[in-house]
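Asker: The structure follows.
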Amino acid sequence: MLDVVRNLIEHPDKYLESGTFREIAQLVKEKQPVRKAKKSQTPEVQDLKPVPNPYKVYGAEQIEQGAIEQMNTAMKLPVSQAGALMPDAHHGYGLPIGGVLATSQNAVIPYAVGVDIACRMCLSVFDIEASYVDQKKDLLKNYLLNNSHFGLDVRGYKPLPDEVFDLPEWNATPIIRQLRGKAETQVGSSGTGNHFVEWGILEITEKTHDLKLPPGKYLALLSHSGSRGFGAGIANHYSKVAMEKTKLPKEAQHLAWLDMNSEEGQEYWIGMNLAGEYASANHHQIHRRMAKALGVKPVVMVENHHNFAWKETLADGTPVIVHRKGATPAGKGVLGIIPGSSGQPGFVVSGKGNPVSIHSASHGAGRLMSRSKALSTLNKSEVKQLLADKGVTMIGGDLDEAPMVYKDIHGVIAAQADLVDVLAKFTPKIVRMADPDRRKWGKGEGD
């Protein structure tokens with residue numbers, strides 16, 4: 001009865017047709033003071049700058065116009081401070097893939113980090129001669145089949161125990177607690193799309209202090225994966241929150257930011273950094289399994305994020321948040337990996353710390369062809385022949401990840417000579433990717 005009375009007082013109009021409460025509702029309505037209409041709680045649409053802040057484009061002749069236009073929009077944001085576009089850039093959601101965006105220190109943009117938070121590269125180098133790849137090809141292929149797991153569903157896979165789940169941040173927010181179960185079942189596995197685990201040959205031609213290895217050719221394992229369903233859950237949740245909190249013109253709506261002084265901003269920052277720790281744990285489990293199967297520990301490991309945000313300082317001393325969406329950190333002496341494709345080499349690089357690029361470099365070769373176009377125009381026989389010509393064994397994969405959908409990695413590396421020094425070349429030989437599953441793409445282009 002108390003609930004009915006409270007509701008009647010709050011909403012008397014609902015009871016005017018009720019035989020039992022009609023007279024009471026009429027009396028409540030007469031006695032109630034006239035309520036003023038509440039002001040709309042919807043935030044006002046924020047204006048963009050009339051012209052974009054200036055920014056450097058590397059390898060502009062290799063970049064599609066759509067990516068340039070997206071970067072122009074990002075540089076018009078009222079919170080934008082600086083930016084750069086890498087030579088592997090192509091169209092994405094919000095910020096283009098290959099975009100680097102520095103915002104004021106109180107603004108973080110979930111879509112400028114990306115959906116696959118902390119997608120990263122990891123390389124293990126073994127003190128084993130490169131000829132091992134040809135001599136033990138079937139054995140290495142079986143190691144991949146038995147110790148790497150891909151796709152949206154990883155049934156039959158048993159993760160290794162991992163210290164990453166001892167971190168207190170797993171209890172920090174409701175969304176993190178909600179996603180923990182998924183994270184625990186997927187740790188140590190890889191996603192779909194362009195994620196891979198591959199055996200190859202690392203070639204060092206000159207003595208380098210950074211890698212602490214003499215010149216030569218070594219057996220190496222390279223992996224590319226991110227934070228799986230956990231990172232995607234964090235990204236999707238806070239991207240929606242950002243678009244509710246920060247209203248922008250239609251062309252910029254996916255660049256909505258969260259205020260770092262707000263509860264939501266702090267929650268996203270905690271979730272993003274935890275996704276970074278989790279993504280690293282994914283790679284380490286893969287590499288531990290492979291090293292155990294091989295019976296040899298790696299002599300060198302190199303790894304880096306390329307979908308993340310960092311608190312940094314610009315050359316003029318301005319504190320900012322640097323978003324690298326599909327871009328590799330390239331601070332002075334910072335090691336990173338820039339892969340090519342299954343039919344092209346990748347490179348281990350050392351950053352030059354160039355402030356013009358905001359201490360960044362490309363994260364790969366970059367797409368020439370969208371996923372939908374690749375699936376509709378390429379055929380399996382020509383892809384199979386190209387890989388055979390390159391001496392590459394492919395396990396899984398689909399036409400949307402064929403070598404010909406990517407730019408020439410040598411041109412991409414040449415366009416960023418001011419950003420990185422090349423230390424070594426990695427040539428893929430036995431590649432594993434997710435089995436074809438076109439349901440996940442639908443009619444979209446994908447990243």
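Asker: With θ set to phi - 60°, apply the Karplus curve 6.51 cos²θ - 1.76 cosθ + 1.60 along the stretch 353-363 and write out the HN-Hα couplings as whole Hz, x wherever there is a Gly or Pro.
Answerer: Here the 3J(HN,Hα) series is x, 6, x, 5, 8, 6, 6, 9, 9, 5, 10 Hz.
Asker: Rank 293, 424, 256 by mean-square fluctuation in a GNM of the chain with C-alpha springs under 10 angstrom and give only the top-ranked residue.
Answerer: 293
Asker: Mind sorting 21, 347 by how few other Cβ atoms lie within 10 Å of their own Cβ, fewest first?
Answerer: So the ranking, lowest neighbour count to highest, is 21, 347.
Asker: List the lysines whose Cα sits under 22 Å from the Cα of residue 373, skipping any in the same chain fewer than 8 residues away.
Answerer: Filter leaves 384, 407, 440, 443.
Asker: Another question, if that's okay. In whole Å, what three semi-axes, largest first, describe the equivalent ellipsoid of the stretch 318-361 built from its Cα gyration tensor (square root of 5 times each eigenvalue)?
Answerer: In descending order the semi-axes read 23, 12, 7 Å.
Asker: Run the simple label-point estimate for residue 263 and residue 178 please: 7 Å along Cα→C-beta, distance reported in nm.
Answerer: 1.5 nm
Asker: For residue 326, what residues show an amide H to amide H distance below 5 Å, using hydrogens built from the backbone and excluding near sequence neighbours?
Answerer: So residue 326 has HN proximity to 98, 307, 308.
Asker: Considering the dipole of the chain built from charges on the beta carbon (Lys and Arg +1, Asp and Glu -1) around the Cα centre, which of 276, 115, 60 is farthest to its positive end?
Answerer: 115
Asker: Calculated FRET efficiency, residue 381 and residue 44, Cβ-Cβ r, R0 51 Å, to nearest 0.05?
Answerer: 0.35
Asker: From Cα coordinates alone, what are the radius of gyration and Dmax values for the stretch 258-402 in angstrom?
Answerer: Looking at the stretch 258-402, its Cα Rg and Dmax stand at 19.0, 55 Å.
Asker: Shifting gears a bit: With just the Cα atoms defining each centre, how far is the stretch 347-368 from the stretch 139-180? Give it in Å.
Answerer: 29 Å
Asker: Which Cα, out of 126, 300, 230, lies furthest along the positive dipole direction of the chain (beta carbon charges, K/R +1, D/E -1)?
Answerer: Among 126, 300, 230, the one farthest towards the positive end of the dipole of the chain is 230.
Asker: Here is a further query. Given only helices, namely DSSP H runs of n ≥ 4 each adding -39500 (n - 2.57), what is the per-residue ellipticity at 222 nm of the chain, to the nearest 500 deg cm²/dmol?
Answerer: It lands at -9000 deg cm²/dmol.
Asker: In the chain, with Lys and Arg counted as +1 and Asp and Glu as -1 at Cβ, which of these residues, 187, 83, 310, has the Cα nearest the positive end of the dipole, that is, farthest along it?
Answerer: Farthest towards the positive pole: 187.
Asker: From the phi angles alone, apply the Karplus equation (6.51, -1.76, 1.60; θ = phi - 60°) to the stretch 388-395 and give each ³J(HN,Hα) in whole Hz, x where the residue is Gly or Pro.
Answerer: Calculated HN-Hα couplings, in order: 5, 4, 8, x, 10, 9, 10, 10 Hz.
Asker: Counting other C-beta atoms within 10 Å, which of 164, 4, 108 has the fewest, and how do the rest follow?
Answerer: Taking fewest neighbouring Cβ atoms as first place, the list is 4, 164, 108.
Asker: Looking only at 374, 82, 330, which one moves most when the chain is put into a Gaussian network model with springs between Cα atoms under 10 Å?
Answerer: For the chain, modelled as a Gaussian network with Cα springs under 10 Å, the answer is 374.
Asker: Convert each backbone phi in the stretch 419-430 into a coupling constant with the Karplus relation 6.51 cos²θ - 1.76 cosθ + 1.60 (shift: θ = phi - 60°), then list the ³J(HN,Hα) values in order as whole Hz, x for Gly and Pro.
Answerer: Each residue of the stretch 419-430 in turn: 10, 9, 9, 7, 9, 7, 10, 10, 10, x, 10, 10 Hz.
Asker: Something else about it: Against the globular-protein guess of 2.2 N^0.38 Å, express the Cα radius of gyration of the stretch 57-100 as a ratio, rounded to two decimals.
Answerer: After normalising by residue count via 2.2 N^0.38 Å, the value is 1.02.
Asker: I would also like to ask the following. Enumerate the aspartates and glutamates that residue 141 could reach by cross-link, defined here as Cα to Cα under 20 Å, with residues fewer than 8 away along the same chain left out.
Answerer: 127, 129, 198, 389, 398, 401, 435
Asker: Excluding same-chain residues fewer than 8 positions from residue 311, which aspartates and glutamates have a Cα within less than 16 Å of its Cα?
Answerer: Within the straight-line cut-off, residue 311 pairs with 259, 267.
Asker: Could you put 56, 76 in order, starting from the residue whose Cβ has the fewest other Cβ atoms within 10 Å?
Answerer: Ordered by Cβ neighbours within 10 Å, fewest first: 56, 76.
Asker: Listed here are the pairs 137/429; 76/352; 49/247; 380/425; 325/425; 137/390; which of them are more than 19 Å apart at the Cα?
Answerer: Violating the 19 Å limit, Cα to Cα: 76/352; 380/425; 325/425.
Asker: With viscosity set to 1.306 mPa s and temperature to 10 °C, compute the Stokes-Einstein D of the chain, Rh being the Kirkwood radius across alpha carbon pairs; µm²/s, no decimals.
Answerer: In µm²/s, the coefficient rounds to 67.
Asker: Could you give the dipole magnitude of the stretch 56-440 about its Cα centre, charging the beta-carbon of Lys and Arg +1 and that of Asp and Glu -1, in debye to the nearest 20?
Answerer: Dipole about the Cα centre, nearest 20: 680 debye.
We did not get these values from a lab; they are worked out from the coordinates using the rules stated. Quick caveat, the model's predicted, so the values are computed rather than measured. Don't worry about glycine lacking a Cβ; one is built from the backbone with ideal geometry, like all the others, and counts go over all protein chains shown.
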